[in-house]
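Values quoted throughout were computed directly from the atomic coordinates according to the rules given, and no laboratory measurement underlies them. Quick caveat: nothing in here was measured; it's all calculated off a predicted structure. With ideal geometry, Cβ positions are generated from the backbone for all residues, glycine too; neighbour counts draw on all protein chains shown.
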Amino acid sequence: MRVLVIEDEVRLAATLQDLLELNGYTADVRHDGESGLDEALTGIYDVILLDVMLPRLDGFTVLRRLREAGGSVPVLMLTARSEISDRVEGLDRGADYYLTKPFDPKELLACIRALTRRQPELRNLDLLEFGDLRLEKNSFALSCGERSVRLSRKEFDMMELLMLNRNLVLTKESLLLKLWGYESDAEDNNVEVYISFLRKKLTHLHSCVKIRTIRMVGYCLETEEAGKPGGKD
Ligand code: CA
């Protein structure tokens, strides 16, 4: 796995490179947007870590030009906490995931693993599977064994996001942004309501998959077996 780090803070870039190499990745670093884009366009990378504020070309322009040139490599954008509106801008421009600085190295590695794992799944979005669950795009059907329920559009979109990001914790903020958009006046409460709808359907399906609440952070999927060895059905 080869990772490109485009980050102008030299010390942070070096720390990221060390962290990646310690964890078995090959990591290259570029300190400005222009050389970063040139390097990204070589097509040899499995993941790109892209800072937003960069000399020569900003991160959003790098991302846009990369996507325009047909580059489909997963991009993880690194944003400062104060640049929250940048997240919204980036969502429209093809970033795959955001990490807010300062971030936990474990969280970064989990994001990279999830982004590299989800690539093959993106090629077949008609059917997603997790644990004993199957989610079908054409019919909006969520199934477990012989049982099946039809999801509403919002329920489907939320379940799809949870399944695509199976090893990440999705924040309420990112669910709100992705499902309702930034302009909407939807609140965290909307997310909670749809999570509870989905939980009822999982119970009805007798699925071993649960939506776990990570307090003060968000939600992730987990299978009952993972937490309880020997548990089944
Ligand atoms: Ca920067």
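At a glance:
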{"quantity": "Segment 127-226, dipole about Cα centre (Lys/Arg Cβ +1, Asp/Glu Cβ -1), debye to the nearest 20", "calculated": "200"}
{"quantity": "Rounded, prolate or oblate (a/c below 1.5 giving rounded, otherwise prolate when a/b exceeds b/c) for segment 29-78 by Cα gyration tensor", "calculated": "rounded"}
{"quantity": "Count of lysine pairs in segment 127-226 with Cα separation under 16 Å (8 or more residues apart, or interchain)", "calculated": "7"}
